[in-house]
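Right, one structure below, let's go through it.
Rule-based calculations on the coordinates, nothing more; no lab input. Keep in mind that this is a model prediction, so the values were computed, not measured. Positions of Cβ are generated from backbone atoms using ideal geometry, with glycine treated the same way; all protein chains shown enter the neighbour counts.
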Amino acid sequence: MKIKLTTQRIVAIILAVISVALMATSAFGFSKRTSEDARKLLADMTVRSLLVNTGEGAVEAMVKIAVEKARVKAKEEGLSMSQRREAAEKAEKDARANLSYQSVDYSTVDNAPILNAAGILKNAQVEYYKKVEEEKELFIEQQQLIAPVEEEVQETLSIEEGVEEPLSIHGEVDMSTFVQSAEADALQAKVDEAYEVLTAVLMKVYPEMDKESMKTLKQTLLDLNYQSGETYESRFDRLIKYNDNNVDFRSKLMRNAKNLLLLGIFLFLLALVVWFYNSLVKSLGVPRIIIGLFFIVLCLGSLALNLNLRTLLSDTLVRMGMNSILVLAMLPGIQAGISLNLGLPIGIIGGLLGGLMCIEYGFSGWFGFAFAIAAGTAISLVLGYLYALLLNRLKGSEMAVTTYVGFSIVSLMCIAWLVLPFNSPIMKWPMGNGLRTTINLTPSYRHLLNNFLSFKIFGITIPTGLLLFMIIACLAMWLFSRSKTGIAMQAVGNNPRFAEATGISVNKMRIIGTVLSTVLGAVGIIVYSQSYGFMQLYTAPRQMGFVAASAILIGGASTQRAKISHVLIGTFLFQGVLTLGMPVANELVPQSTISETMRILISNGIILYALTKAGGKGNE
């Protein structure tokens, strides 16, 4: 044991030393970024990039002229079409061969006029892009208030197999109708004027270029000179491919200063985990340590990839609040001894029916939200009681039974949604019978909790109302677990034989736990829907029980033991990993389905892990 502990501490010390060295190197790199040499480096890289791209444009312009002359000459000589094509190809080949010996010696070019023109252009671009971004943000805010996300888009998302949640809780706004102001037009005109000045300077280096040829390079040269929201890293990466031979090790160190800092921070945290590993495993468990480290890696990765971490953390808080009640619904089931309640869709159906009744009767606002919860609770009480009676007859097979029952009621309701007598035009298909796949909650209680007392701190939006509702629900569940009935229910879950010997009705406590879990499922889907902005019917509720089970298990619960802390920690970690993991994965592997694959692996992998531990000590 001592040898293992010593080895553990040595590894931790080595990691800490490496992390300190990386952070010190990073500090050196950051300090050099503000030096005159660093500014000159980026300026020289910009000039070189502008010259290279203009030179390539000049070559293409001269090749085009040579090819056109060859075609005209071949036509005058009366050659056939195939001979004309051959003459054009030969002219292009000869022109490129001759021009390769006429490249500009960049060391002889006077950089000062180009630097001056590029600086003026950059200042004009900064003002213009800033104004346009402000106007776009204002446009998006107005559109989100006036017209939420197109329902057809959300319906498409909802029927995709395995996708129950939006990648972002903020809807996308159609920007095709955006028109910049006259003030922005004036700033754009300044950019055009500054570009004309730059082209005049560049044309002195490449006399063969004319104004028409320079217009074809306009967007390329503008992007090279400056891009909205660029960082030191993004600017360096954009210019490096034209300057790789002229950049030394110190310059690359400045570029990677942030990456070295993030890597150093991660290794330092890893050193702490290794140093206190035994106590952390005892108090947190291996799954939470792994998921926690993975979440930290994703946060650092989002910073390294220049993603908006503040927005991602804002989404994480919203997703935590909107999913927390569904995760909380797992708690009474585990405490009552029915294990993971994968039949949660029963309660979800009750909540959806309550929400539909709210829309049908035309209720909205806080009253409509309260009515939906009251109606959903009433329906789920009945469904939960019948469900509990079934589970009491099938003790020992709850995991399989809850899964089958949950899937069965979703399939049954796929038929019911087509025949139920709801008549609101908001819910019904424009043609034919039945309810829509996705129902807009804007007229009812969309984002009611999200927007209540919300505020920003350090750029992170805090959904106060949503988090308050979560805290109140968790507090109510905590108080219930301290009551006489709650303690009796937990006794049944921990040791049913002992509980029965003390006079506690095992069946009654199991019924209470099952009904309470079902009711929380109904309330949870109403909270979830108001945050999402839409209610999803048909197959959408099918996998929600597995998502909730994954979250509470990540939090440290087992199939025999669970606490409020497991709900809160698990929901935050699970939703945080999904919220950050998807954009990071998409950035690393563009145009792939790796983010959705990761979501499925995390959800199902955690459940599989918990089931393998079901016969163990309980709290992993």
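For this structure, a couple of remarks:
- Site pair residue 237 and residue 127 shows an inter-label distance of 3.1 nm when each label is modelled 7 Å from Cα along Cα→Cβ.
- A full extension of the chain between residue 505 and residue 385 corresponds to an added length of 41.6 nm, given 0.36 nm per residue minus the alpha carbon distance.
- Two-site FRET efficiency, residue 111 against residue 276, from Cβ-Cβ distance with R₀ of 60 Å, rounded to 0.05: 0.60
- Kyte-Doolittle mean at least 0.0 and Cα axial length at least 30 Å: DSSP H helices in the chain: 2-33, 182-205, 365-393, 398-419, 506-532, 564-588
- Highest-first arrangement of 353-359, 235-241, where packing means the average Cβ count within 10 Å: 353-359, 235-241
- Cα-only radius of gyration and Dmax that characterise the chain, units Å: 31.8, 112
- Counting beta carbons within 10 Å around each of 447, 566 and listing the fewest first gives the order 447, 566.
- Relative contact order (%) - the chain, alpha-carbon pairs under 8 angstrom, separation at least six: 19 percent
- Cross-link table 130/241; 190/211; 32/122, entries beyond 20 Å C-alpha to C-alpha: 130/241; 32/122
- Listed by Cβ neighbour count within 10 Å, with the fewest neighbours leading, 431, 203, 509 appear as 431, 203, 509.
- FRET efficiency for residue 487 and residue 393, using Cβ-Cβ distance with R0 set to 30 Å, rounded to 0.05: 0.70
- Near-label residues of region 10-48 by backbone N, under 11 Å of a point 7 Å along Cα→Cβ of residue 249: none
- FRET E, pair residue 433, residue 21, Förster distance 60 Å, beta-carbon r, rounded to 0.05: 0.30
- Fully extending the segment from residue 31 to residue 94 would add 17.7 nm, taking 0.36 nm per residue of separation and subtracting the current Cα-Cα distance.
- Which listed pairs, of 93/204; 136/218; 282/456, have C-alpha distances above 30 Å, in listed order: 282/456
- Estimated 222 nm signal from helices in the chain, with DSSP H stretches of n ≥ 4 weighted -39500 (n - 2.57), rounded to 500: -24500 deg cm²/dmol
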